[in-house]
Amino acid sequence: MVSLRFPFSFSQPPTPKPPNASTSSSFSTSATTASSVAAVCGAGIAAGLALSQTPANPLYGNAFSSLLSNLLLKTSHFSPMWGSLSLSCSSASVAEPKTGMSFPSVLKDSQRLLGIGLRKKAVLGLKNIDVYAFGVYADDGDIKKVLTEKYGALSAAELKEKKELREDLMESDVSMTIRLQIVYGRLSIQSVRSAFQESVGNRLRKFGGPNNKELLERFTSQFKDEYKIPRGSIIDLSRDQGYVLRTTIDGQEVGSIQSKPLCRSIIDLYIGDEPFDQKAKEDVQKNLAHVLQK
Ligand code: DAO
Ligand code: DAO
């Protein structure tokens, strides 16, 4: 039996307290901070759950407890800040609450999910569309190897406030993956190109030095006009050892570019100073602190 430690803390937008929620259940309060959890066990039994605590779902605590027993999950510790579950399952995933897009808690055996969020885009200055959900992953062993010396002695509370910690992660050679799951099904490759000329292009002007135009061109030219990215497509942007940015679409490699500023620019979109989703960035910081505390 595989026992997977699954510590995470994913923020939820504040939601009204359900009218008939149990006031005495500390578990239900704790579960609220743990975001949506979907766990899938083997032996042909699959169960998924993406719960959110809304007035329409007042039995959050009960439903969650019963899911845990049904799936033979053992709750070892559940604090308001950290949900730490020992799962008797071989895999687990976390769903982005608004879109339901699900992200495995571990990628490539050792990359841990640190935060999930949503990339939105205003169209014609009016409507905000949900373009994709994303998950930020980083290699556990690399984090410890690269960041423990500088940060290992700090408390979790101190680490959560340290902007430098994220800066160092972005600058470092820690293996990371940003997984995008497309929500908006009508993306044309032209609109994708012009969007990332703006987002990635802005960062490259900051981090890319004199070669920023050429780097953007190399990145953009990987994405051919004939590529299709319907709803549900999975795009992985990985920073591999040696600052290699590798892109795969639904598991197929589309290109690799060795460039530290390009890696930095891509990661900056998600955990830099002006991230697409502020909560995701905060979750990454909290969970990074947790990895360093272990
Ligand atoms: O089709 O007019 C439209 C809306 C397009 C929004 C494009 C946003 C693209 C963001 C980058 C997506 C990368 C996968
Ligand atoms: O959201 O603005 C953004 C930046 C996204 C950067 C990654 C884009 C990868 C797009 C692949 C499209 C393939 C057709």
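Cross-link partners among lysines for residue 145, C-alpha distance below 29 Å, same-chain residues fewer than 8 apart left out?
Qualifying lysines at Cα under 29 Å: 108, 160, 162, 163, 206, 260, 279, 281, 286, 294.
Taking the Cα centroid of segment 208-244 and of segment 258-294, what is the distance between the two, rounded to the nearest whole Å?
Cα centroid to Cα centroid, the span is 18 Å.
Between residue 126 and residue 273, how high is the FRET efficiency from 1/(1 + (r/R0)^6) when r is the Cβ-Cβ distance and R₀ = 30 Å? Nearest 0.05.
About 0.70, to the nearest 0.05.
Suppose accessible area is computed on protein heavy atoms with a 1.4 Å probe; arrange 96, 164 from highest to lowest.
164, 96
At 1.4 Å probe radius, can you tell me the per residue accessible area of segment 227-294 in Å²?
40
On the full set of protein chains, 1.4 Å probe, figure out the accessible area of residue 179 and give it in Å² to the nearest 10.
40
Given the C-alpha atoms of segment 113-211, compute the convex hull and give its volume per residue in Å³.
Once divided by residue count, the hull of segment 113-211 is 148 Å³.
Where does the charge balance sit around residue 183 when Lys and Arg score +1, Asp and Glu -1, over other residues with C-beta under 12 Å from its C-beta?
With Lys, Arg at +1 and Asp, Glu at -1, the neighbours total +4.
Would you kindly derive the ³J(HN,Hα) couplings of segment 209-217 from the backbone phi angles with the Karplus curve 6.51 cos²θ - 1.76 cosθ + 1.60 (θ = phi - 60°), listing them in order in whole Hz, with x for Gly and Pro?
Per residue, the Karplus-derived 3J(HN,Hα) values read x, x, 8, 4, 5, 5, 5, 4, 4 Hz.
Sequence-distant or interchain residues sharing an amide H contact under 5 Å with residue 115, placed H: which?
For residue 115, whose amide H was placed from the backbone, the distant partners under 5 Å are 136.
In vacuum, with every alpha carbon of segment 213-294 counted as one equal point scatterer, what does the Debye formula give for log10 I(q)/I(0) at q = 0.24 Å⁻¹? Two decimals, please.
Listed by q, the Debye log ratios stand at -1.23.
Specify whether the C-alpha gyration tensor of segment 148-260 places it in the rounded, prolate or oblate class, a ≥ b ≥ c being the square roots of the eigenvalues: rounded for a/c under 1.5, otherwise prolate if a/b is larger than b/c and oblate if not.
Because a/c hits 1.5 or more and a/b exceeds b/c, segment 148-260 counts as prolate.
The values are calculated or read from the model by the stated rules, or taken from the named source; none is laboratory data. The structure displayed is predicted, hence computed values, not measured ones. Neighbour counts are summed over all protein chains in view; Cβ atoms, including those assigned to glycine, are modelled from backbone coordinates with ideal geometry. Calculation scope for accessible area: heavy atoms of the full protein, side chains included, ligands and nucleic acids excluded. Shrake-Rupley method; radii C 1.70, N 1.55, O 1.52, S 1.80 Å.
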